1. Sort out which residues of region 585-624 are surrounded by fewer than 10 Cβ atoms within 10 Å (Cβ to Cβ) and β-branched (Val, Ile, Thr), and write them in order of number.
2. I need the full set of residues from region 173-208 which are polar (S, T, N, Q) and within 16 Å of the ligand (Cβ to nearest atom), in order please.
3. How do the pairs read when you match residues in region 104-129 that are touching a residue at least 60 places away in the same chain (Cβ under 8 Å) and on the phi > 0 side of the Ramachandran plot with residues anywhere that are away from the ligand (no atom under 11 Å from the Cβ) and of a type in the set (S, T, N, Q), using Cβ under 6 Å and keeping only pairs 6 or more apart or on different chains?
4. Determine, yes or no, whether Glu536 is surrounded by fewer than 17 Cβ atoms within 10 Å (Cβ to Cβ), under 25 Å from Gln303 (Cα atoms) and among the charged types (D, E, K, R).
5. Could you tell me which of the residues Ile100, Ile139 is out of contact with any His (no Cβ under 8 Å at 6 or more places or on another chain), at negative phi, modelled with pLDDT of 95 or more and within 13 Å of the ligand (Cβ to nearest atom)?
6. Might you check whether a residue that is among the hydroxyl-bearing types (Ser, Thr, Tyr) and part of a loop (DSSP other than H, G, I, E, B) occurs anywhere in region 286-303?
7. Being among the aromatic types (Phe, Trp, Tyr) and within 22 Å of Gly412 (Cα to Cα) is the requirement here; does Trp45 meet it?
8. On the phi > 0 side of the Ramachandran plot and surrounded by fewer than 17 Cβ atoms within 10 Å (Cβ to Cβ), is that true of Gly628?
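The values are calculated or read from the model by the stated rules, or taken from the named source; none is laboratory data. Since the model is a prediction, treat every value here as computed from it, not as a measurement. All Cβ positions, even for glycine, are placed from backbone atoms using ideal geometry, and neighbour counts span all protein chains on display.
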Amino acid sequence: MIKIVQSKKPSASMAKDLKRKRENDSPLQAKRLKLMVSRKELPIWSRKDDILGALEKHNILVLSGETGSGKSTQIPQFLLDASWCTKCVAITQPRRVAAISLARRVAEEMGTPLGKSSPASKVGYSVRFDEAIGPSTRIKYLTEGMLLQEMLRDSSFGQYSCVIIDEVHERNLNVDLLLGFLRELVYSKRRKQPLKLVVMSATADVVGISRYLQAGSPEPSSNGDQTTENDEQEWNGFSENERPARTASRVALVHVEGRQYPVTLSYLDKPCDDMAQAALERIFLIHCKEPLPGDILVFLTGQDKIQQLKASVEAFAANLPPKIPPLQVLPLFAALPQSAQQQIFQPAPPRTRKVILATNIAETSVTVPGVRFVIDCGKAKIKHFHPKLNLDSLLIQAISRSSADQRKGRAGREAPGQCYRLYTQNSYNILEQATSPEILRCDLSAAVLTMIARGVKDPFRFPLLTPPNPKSMMKAMLQLLRLETIDSSGAITPVGRKIARLPLPPNLGAVILYAASEASSCLAEVIDIVSCLTVESIYQHIETESAREEALAARGTLTRRSGDHVTLLTTIRAYAAESTDRKAWADAHLLSHRALQNVLAVRKQLRAQCLSAKLLSGKTFPEDTDAGDPLQPVDEDLEARILKCFIRGFVDNVAKLCPNGSYKTLLGNEIVAIHPGSVLFGRKVEMILYNELVFTSKAYARGVSAVRVGWLEEVWP
Ligand code: CDP
């Protein structure tokens, strides 16, 4: 007899299991499960309850922990489990590369696609000129500047339940500003729900910051200077002598111990003159002597030095005997494109050693796995303000002792390691203990404009973690007054409000606004040039005099006599109009295809922002094909209108020719020379306008064009 068995409907729990199985089988979920294993090993994992508990009781948490302990990736995910966290979590990063790579990593850890690709994505990022945010985004990685921009649009941060300020030890100017606004906002009655603030640092020296945040609360601790039983819990993980005498009861502190293996240290016996050569030798000594695995991380000063050393290492490695394993050389700097960033986090191929050539970005901002050897050149490019020239520039200078120690620590993350300092022990001993906060070293005009746009009546009295120098504040106010962004009473003008909302420094913002005026009518052209100025150089790196000649010849059809500004315009337009093979076109002209791609992306964003700010009279910008032949000379009248816009924003950067053939700035009477990379190099014109100065043996003006005295009088009557 045949028995017919009626198939049963799956029970609810079976259906759930099936659904979970299907989900876990998807590639995203498989990756999530795989990453869960390493997440659980991070030192921060076991501290989740402490951290969430502290934030239940307090509005502000200061969290310190060694780089790589898991702060940037895990804390936002922990917060999503808190009952009070019903909206988004914002987390700031000092650099674009870190914001984007962290967002990608956390999306993988959560098994969700990244922002742009799907409306269901829970993780996204927002950096200048690039955004990947969806309707379901709950964790948003942003650069510090972007969060400040958001604050101008929504001053109470209504979309966030929590803001995390990461890498606060770097003490960037934008971080100091954010802390100033946020310490008031967490207690603001304007918000329907309280805002939580988490401040994270890779160094344990957080006493000053927590005191400062405590002082922002409306009612200071009722028990004054006394330490209470409650305070004991707030100093979670700190040893007795790390606690401040007066504890902050509104601010909780948690310290996470990192895993640090011993690192042996060696110095040079005597100072070396050729850092690149010393680094090259050390890389190959390690590579030929030390067994695999164990990658090498080299700290250098900037992109140009990284690219030069990369070429030397690759050339040298090509001639090694076959029994020596191959090397994989990877650069790491702030302007690196996304695809190259990803490579840094991948393990080296079998029987291969990775050599990562990095700027100070690898000190704390980006953790490179697999490193056992660190080579430290002891220098970094650091921003400085020149009061006489009224501008910022990057100077190569010795790092601080705290930076040197951070660099050394990178060798001992996964196993015992070695650190080679390419300087003497004496040089180390005389280093400054820590780099001074950026607020003491740079132009404050953007910061002051942000304060005023955010409603601060008297920027001189705005309480910041480190009070800026009153003279620098005064200079910034004068600069803003000159750009007509504020009036003589210090109040913001309508122009100032528009400039504050553009993701550009006030002087470039002023250039854009002037270009949009009826008299100038050259907004599209000026946006093209400004886009070129905001990315890394569009030119391929040139080292020798003969290579310079070759480059000049290759770029001949793009060069314009008036100088670099209109040459940039011609170049970007010719690139945009190229319809067959843009990469081949860029290579043939010795231009960087990658940088030019970035320029077009920036241009797209700037155009959209100008349209939404109603700066363009029409509804759209012209198509690249509408502009006619990009290689035709630019009409003289248009050329003059364009350069006048730049005079408007950069009047401090005008220099006139002296009888002895040098150029002297109109303000400050400083001598400047035209940079060899400029199309005006070697030419004498009555007056020049430049975008920036670089200091090597002397002050070199870069981004230079010839301007007329009459134009100056027209723009600045
Ligand atoms: O913020 P913190 O320096 O404490 O650590 P983290 O950035 O959260 O990094 C924790 C770990 O996640 C690192 O050691 C890396 O192994 C991994 N990670 C990664 O693979 N890719 C990233 N983009 C960031 C982190």
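1. Thr620
2. Ser201, Thr203
3. From residues that are touching a residue at least 60 places away in the same chain (Cβ under 8 Å) and on the phi > 0 side of the Ramachandran plot, the pairs are Gly111/Gln29; Phe129/Gln605.
4. yes
5. Result of the check over Ile100, Ile139: Ile139.
6. yes
7. Judged against the criteria, Trp45 is a match.
8. yes
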